[in-house]
Amino acid sequence: MKVADAYSMICMVFASNFANAITDEAIKKLQPTWMIKTQNLENEKGNALLARALMHCKAEEIAADLDNFKVACSLKFFRQVSDEEIEHLYKQLNFDKPFTNLRATHVSNMFALLGVIFKNNTNEKTHTILGMYLVDFFLPSLVLFAKFLRYNAKTPYYQAMGEFIMDFIKTLKTNLGLKIDVK
């Protein structure tokens, strides 16, 4: 599997986890470790939280947790992007948001676009779009969202997602050479 395909798949996992809460049946199918292993502390923390979630969390608790912080899932909550500018970007890129019932700035739609960009990152033009999207639109809000989950998610499941998102951000920063502050 190519790295871009793996990144695209990770984006879709994140997108689906914030669009709808996981079901009890899906929880039973999950592995107790994240799909990628890195040397980042966030990866280690996320794996510990995920293992705990799989042992102790029920789907109804996870759904209630998502419902409690759903306002922050629209990344305009962090005042780094607006629905209007993201809708304009979608139009420029000819991207139809897959989660039509969610805002343009919803983390699920924004992860879906990132997944599409990774899937199609085959030339200099798409690579430029990737860098611009990450640095100018997505990562500033996503860093804040990951930190929000760390401190505001009630279940270890979504706390793990916050750690895995931060791990993903750090991995992208390193592998793509992005100039963005991640703390």
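The values are calculated or read from the model by the stated rules, or taken from the named source; none is laboratory data. Treat the numbers as computed from the prediction; the structure is a model and nothing was measured. Every residue, glycine among them, receives a Cβ derived from its backbone with ideal geometry; neighbour counts consider all protein chains shown. These accessible areas exclude ligands, DNA and RNA; they are computed on the full protein's heavy atoms, side chains included. Shrake-Rupley method; radii C 1.70, N 1.55, O 1.52, S 1.80 Å.
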To the nearest 20 debye, the chain has a Cα-centred charge dipole, built from +1 on Lys and Arg Cβ and -1 on Asp and Glu Cβ, of 320
So Met55 and Asp136, fully extended at 0.36 nm per residue minus their Cα-Cα distance, gain in nm 25.3 nm
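At 0.36 nm per residue, and after removing the present C-alpha to C-alpha distance, how many nm does the segment from Leu41 to Asp5 gain when stretched out fully?
10.6 nm
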Carbon plus sulfur, as percent of the 1.4 Å-probe accessible area of the chain, comes to 52
So the angle from the long Cα axis of helix 107-119 to the longest Cα principal axis of the chain, reported in degrees to the nearest 10, equals 60
Result for the chain: accessible area per residue, probe 1.4 angstrom, in square angstrom, of 52
Within the under-11-Å Cβ sphere about Lys154, not counting Lys154, Lys/Arg +1 and Asp/Glu -1 give a net charge of -3
Treating every alpha carbon of region 25-106 as one equal point scatterer without solvent, the Debye formula yields log10 I(q)/I(0) values at q = 0.16, 0.25, 0.26, 0.27 Å⁻¹ of -0.89, -1.06, -1.09, -1.13
Taking Cα atoms only, helix 83-93 is inclined relative to the longest principal axis of the chain by an angle, in degrees rounded to 10, of 60
Excluding residues fewer than 8 positions from Lys173 in its own chain, the lysines with Cα under 29 Å of it are Lys2, Lys37, Lys45, Lys70, Lys76, Lys91, Lys97, Lys119, Lys125, Lys147, Lys154, Lys183
Checking region 49-88 for trypsin sites (Lys or Arg not before Pro) in a loop per DSSP with at most 10 other beta-carbon atoms within 10 Å yields Arg79
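Determine the sum of side-chain charges near Val135: Lys and Arg each +1, Asp and Glu each -1, restricted to other residues whose C-beta is under 15 angstrom from that of Val135.
With Lys, Arg at +1 and Asp, Glu at -1, the neighbours total 0.
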So the angle from the long Cα axis of helix 139-152 to the longest Cα principal axis of the chain, reported in degrees to the nearest 10, equals 10
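Find the all-direction average of the projected area of the Cα convex hull for the chain, expressing the result in square nanometres with one decimal place. Could you put the intermediate results ahead of the total?
Details: hull surface 39.8 nm².
Dividing the Cα hull surface by four gives the mean projection, 9.9 nm².
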The alpha-carbon center of region 80-104 and that of region 1-59 are separated, in whole Å, by 25
Rounded to one decimal in nm, the spacing of the 7 Å Cα→Cβ label points at Lys147 and Leu176 is 2.0
